[in-house]
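Below: the structure, in structure tokens.
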There are 2 protein chains.
Amino acid sequence: MASRRCIGEFELIARYFAPLARTFAGAGGLESDNAYLPADGRNDIAVKTDTIVSGVHFLDDESPERVAAKALRVCLSDLAAGGATPLAYQLSLALPEQWEERWVAGFARGLAADQRRYGIVLCGGDTVATPGPLTITITAFGQVPRGKGLGRGGARAGDDLWASGTIGDAALGLRAVRGKLKGLGVRDRKVLEDRYRLPRPRNALGIHLIGIARAAADVSDGLLADVGHIAAASRLAVHIEREMVPLSAAARRALAVEPALWADVLGGGDDYELVIAVPPRRAGTLQEAALQARVKVTRIGRFAKGRGVGLTVGGRATPIPRTGYVHF
Amino acid sequence: MASRRCIGEFELIARYFAPLARTFAGAGGLESDNAYLPADGRNDIAVKTDTIVSGVHFLDDESPERVAAKALRVCLSDLAAGGATPLAYQLSLALPEQWEERWVAGFARGLAADQRRYGIVLCGGDTVATPGPLTITITAFGQVPRGKGLGRGGARAGDDLWASGTIGDAALGLRAVRGKLKGLGVRDRKVLEDRYRLPRPRNALGIHLIGIARAAADVSDGLLADVGHIAAASRLAVHIEREMVPLSAAARRALAVEPALWADVLGGGDDYELVIAVPPRRAGTLQEAALQARVKVTRIGRFAKGRGVGLTVGGRATPIPRTGYVHF
């Protein structure tokens, strides 16, 4: 208790956050009210805000390093989907009344590690007390060539739908955390849990997407939901072949035990993979970029005239299991 | 209860927030993961994040319109202090479990009104559920000439300290709200309460400050604290003459009844006036700008070599009553 009273807001910033902002000239050492982001006539700044709440978006007992990583990476994942190169971020931290300094220290360590990993740097923010749970808002900035940033709209009929990495691991991992994943070995459960607890955003791939993709999104609400968002924004239908959806070995074993888990795999959120609309003639360029980024990409479907998301299993239409994470 | 179940996140955005973002091309109708902020080689984008929590930064029973105004204006006030012209903002809204659609509607109305008033526009954000109190984070963007954005550092010995408007009304207003302001008429109490409930940021003045001011801050933590931040960041001392501090008629009457309230006037937060370091030779230019902005400015002190904040009453040094709002 003593430790939380003997440090004020300004010391907290000076001790934990100002070092993170040191290399960003426009942050002014976090001592000024504004941060000034340089930008030139050739670039746009991509901006993304995400809020995560303890007990809602991460487990209450999660380590501060992982909470920091999650808060930052959910934003980085969106920058990746936009084709943007990470630049800087603002952090708002609403700390519950019983906060401890060592928690904040661990949180700052987690941020520092990810700053190095993803080439992003703190440039300002706010810290407040809350009678509620720990709440973190990050606004991340990335750079893209002027007018070229990717969105959900822009896919055309005939474009292929690609997915990065493997799909469904995070949803199965959440089940594992809750003790609701039976018949799997300890190691498989651990792999899936890790995927839920710690997003691995695809920025290494994302920075190559400009000029290749017509539209993209990250899988945060669930594969079907997020692909559905691209289709809706592009005023198209999209058809996904379930057998093409890339799965981890652990997910494949979980589905062998309990095929009903397909609903989780296709509908569950938090994978933080990319789903990408690419004209067929650019398939080779995408695969080269993926090779360079050391990320697997898999063609899982195609956009067509019409509306909605169609799912086929072995070529036969099948009902959509559910429509993704509902925020309220 | 029915109303909060029949509207999802995407509808909520489409119905209440997308209209606010309509005129900002880079927002993509809030349908894309990123917003793209255009900027050119002659300008910097000033960025400011502020979080407000129900029961902490505003009263639980405050109207949604006023909550919206407060959330936006605390950021606008910082842009004003930076000399920045408001451009756009990101909004994160953490809604408590019992949220109601009509509350969100009122909140959006409040935002719409201030968008018109201050020439700023929503460009993206996030909405989440929280088991805690309503929590709002806004990241606001403004434009300043490249490298010219004002901060707390930069004041020089010999610069005058100026304040806009009147000081201390918000702190007295908070007392009035709590029934702790005796011997004042209803009208005076109302004036002071209004100043607490609804910040009136000085953006009309702020946009003129580049080329006039060397440093500036807004009074959010309290006059002495915020002036102290300028002095500390500029590695200077600052001397304030209490008789020069501009007061409203209501505040003057409150102080006549209870002189001990000077502690609130000088130490209390939430005034959202500007404190500005200006070389003496630019006093005329500042006053012209203030006239144009229809804001009163008053010279209240001077920066000098040394450290710390000095307060004089009738020319005699007096102890500092308290050092401003403590965030934890």
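Could you tell me which residue of the stretch B:281-300 is nearest to B:Gly158 (Cα to Cα), considering only residues that are outside any helix (DSSP H, G or I) and in contact with a helix residue (DSSP H, G or I) (Cβ under 6 Å, 6 or more places away or on another chain)? Only one residue fits best here, namely B:Ile300.
Just one of the numbered conditions (1) within 9 Å of another protein chain (Cβ to nearest Cβ); (2) surrounded by fewer than 24 Cβ atoms within 10 Å (Cβ to Cβ) is not true of B:Thr137: (2).
Within the stretch B:244-297, restricting attention to residues that are touching a Pro at 6+ places or on another chain (Cβ under 8 Å) and on the phi > 0 side of the Ramachandran plot, the residue that is surrounded by the fewest Cβ atoms within 10 Å (Cβ to Cβ) is B:Asp270. Going by the structure shown, is A:Gly211 surrounded by fewer than 23 Cβ atoms within 10 Å (Cβ to Cβ) and farther than 21 Å from A:Leu172 by Cα? Considered against the rule, which asks whether it is surrounded by fewer than 23 Cβ atoms within 10 Å (Cβ to Cβ) and farther than 21 Å from A:Leu172 by Cα, A:Gly211 comes out as yes.
The C-beta contact set for the stretch A:229-250 (first residue away from chain B (no Cβ under 14 Å) and in contact (Cβ under 8 Å) with a residue 24 or more places away in the chain, second residue among the basic types (Lys, Arg) and not in a helix (DSSP H, G or I), distance under 8 angstrom, 6+ apart or interchain) comprises A:Ala237/A:Lys305; A:Ala237/A:Arg307; A:Val238/A:Arg302; A:His239/A:Arg302; A:Met244/A:Arg299; A:Pro246/A:Lys296.
Of all the criteria given as (1) modelled with pLDDT under 95; (2) buried (at least 21 other Cβ atoms within 10 Å of the Cβ), the one not satisfied by A:Leu198 is (2). More than 30 Å from A:Asp78 (Cα to Cα), surrounded by fewer than 21 Cβ atoms within 10 Å (Cβ to Cβ) and facing chain A (nearest Cβ under 9 Å), is that true of B:Gly153? Against the criterion (more than 30 Å from A:Asp78 (Cα to Cα), surrounded by fewer than 21 Cβ atoms within 10 Å (Cβ to Cβ) and facing chain A (nearest Cβ under 9 Å)), B:Gly153 qualifies. Might you check whether a residue that is within 14 Å of chain A (Cβ to nearest Cβ), buried (at least 24 other Cβ atoms within 10 Å of the Cβ) and in contact (Cβ under 8 Å) with a residue 12 or more places away in the chain occurs anywhere in the stretch B:157-173? Checked against the condition, which is being within 14 Å of chain A (Cβ to nearest Cβ), buried (at least 24 other Cβ atoms within 10 Å of the Cβ) and in contact (Cβ under 8 Å) with a residue 12 or more places away in the chain, the stretch B:157-173 yields no hits at all. Looking only at the stretch B:301-328, residues that are modelled with pLDDT of 90 or more and not in a strand (DSSP E or B) come to 3 in all.
Condition check ((1) over 20 Å from the mean Cα position of the chain (by Cα); (2) of a type in the set (A, V, I, L, M); (3) modelled with pLDDT of 95 or more) across all residues:
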position: A:Gly158; (1), (2), (3): yes, no, yes
position: A:Gly165; (1), (2), (3): no, no, yes
position: A:Val177; (1), (2), (3): no, yes, no
position: A:Ala232; (1), (2), (3): yes, yes, no
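Among the numbered conditions (1) assigned to a helix (DSSP H, G or I); (2) at pLDDT below 90; (3) within 29 Å of A:His208 (Cβ to Cβ), the only one that A:Arg66 does not meet is (2).
Each residue in the stretch B:103-119 was checked for being more than 14 Å from chain A (Cβ to nearest Cβ), hydrophobic (A, V, I, L, M, F, W, C) and crowded, with 20+ Cβ neighbours inside 10 Å, and 3 of them qualify. Going by the conditions given, is B:Ala129 more than 9 Å from every other protein chain (Cβ to nearest Cβ), in contact (Cβ under 8 Å) with a residue 24 or more places away in the chain and either farther than 30 Å from B:Glu241 by Cβ or surrounded by fewer than 15 Cβ atoms within 10 Å (Cβ to Cβ) (or both)? Here the answer is no, as B:Ala129 does not meet what is asked. Among all positions in the stretch A:79-94, there is at least one residue which is among the hydrophobic types (A, V, I, L, M, F, W, C), assigned to a helix (DSSP H, G or I) and more than 8 Å from chain B (Cβ to nearest Cβ). The residue list A:Leu205, A:Leu255, A:Leu247, A:Leu192 contains one member that is under 22 Å from the mean Cα position of the chain (by Cα) and either within 18 Å of A:Leu311 (Cβ to Cβ) or at pLDDT below 95 (or both), which is A:Leu247.
The values are calculated or read from the model by the stated rules, or taken from the named source; none is laboratory data. Nothing here was measured: the structure is a model prediction, and the numbers come from that model. Using ideal geometry, Cβ is built from the backbone for each residue, glycine included, and neighbour counts are taken over all protein chains shown.
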